[in-house]
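The values are calculated or read from the model by the stated rules, or taken from the named source; none is laboratory data. Remember, predicted model here, so these are calculated numbers, not experimental data. Quick reminder, even Gly has a Cβ in these numbers, built from the backbone with ideal geometry, and neighbours come from all protein chains shown.
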Amino acid sequence: MTIIKGFTFKVLILSENVSFRNILASKLRLDNFDVEFISGGFHLLNYLEKNRDVNMIIFNEDMPDMSAAEAISMVRMSKTKSEMPILFISKNNNEEEICDMIFNGANEYVVQTENFKPILERAHKYMSLIKQNAA
């Protein structure tokens, strides 16, 4: 696991797509990220309330109990974009959805493809930024 000033870089993945979630988690773990799965918006909010060691959240589409936009907005009530980077991953390349997600607090919107490299690059980018801020 990536150690930054005494803590690991923890990423939460919210995705109903088991295949996507597992592949992404495997790739992140190969790059020494600590990865946890979250099953829905209420689970996310409860988890964040009890666990202060989360460094980044990756959303993949909406959850059954809450829209991603709503969950992101609720996270932003207590964490800024620099404190808690949020990536929203979608198969949609819809400008309106992109604007909505960024407006609601996502740091970045990534169009999902078979190539996970853009997601991994962004995860490393935010890990570096958080590491610099912790120094």
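Key figures for this structure:
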item	result
Breaking point among (1) modelled with pLDDT of 95 or more; (2) under 16 Å from residue 13 (Cα atoms), for residue 105	(2)
Residue satisfying all of: in region 44-70; in contact (Cβ under 8 Å) with a residue 40 or more places away in the chain, out of contact with any Asp or Glu (no Cβ under 6 Å at 6 or more places or on another chain) and not in a loop (DSSP other than H, G, I, E, B); surrounded by the most Cβ atoms within 10 Å (Cβ to Cβ) among these	59
Enumeration of residues in region 57-78 that are in contact with a strand residue (DSSP E or B) (Cβ under 9 Å, 6 or more places away or on another chain) and over 22 Å from residue 21 (Cα atoms)	76
Of the criteria (1) among the polar types (S, T, N, Q); (2) touching a helix residue (DSSP H, G or I) at 6+ places or on another chain (Cβ under 6 Å); (3) closer than 12 Å to residue 13 by Cβ, which one residue 39 fails	(2)
Selection from region 80-95 of residues that are assigned to a loop (DSSP other than H, G, I, E, B) and among the small types (Gly, Ala, Ser)	82
Subset of region 9-43 [of a type in the set (Gly, Ala, Ser) and either surrounded by fewer than 17 Cβ atoms within 10 Å (Cβ to Cβ) or in contact (Cβ under 8 Å) with a residue 24 or more places away in the chain (or both)]	15, 19, 26, 39, 40, 41
Residue pairs meeting the criteria (Cβ under 7 Å; at least 6 apart or on separate chains; first more than 13 Å from residue 85 (Cβ to Cβ), in region 104-131; second at pLDDT below 90 and of a type outside the set (Lys, Arg))	111/93
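Conditions (1) surrounded by fewer than 16 Cβ atoms within 10 Å (Cβ to Cβ); (2) in a helix (DSSP H, G or I), marked per residue:
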site: 74; (1), (2): no, yes
site: 78; (1), (2): yes, no
site: 97; (1), (2): yes, yes
site: 128; (1), (2): yes, yes
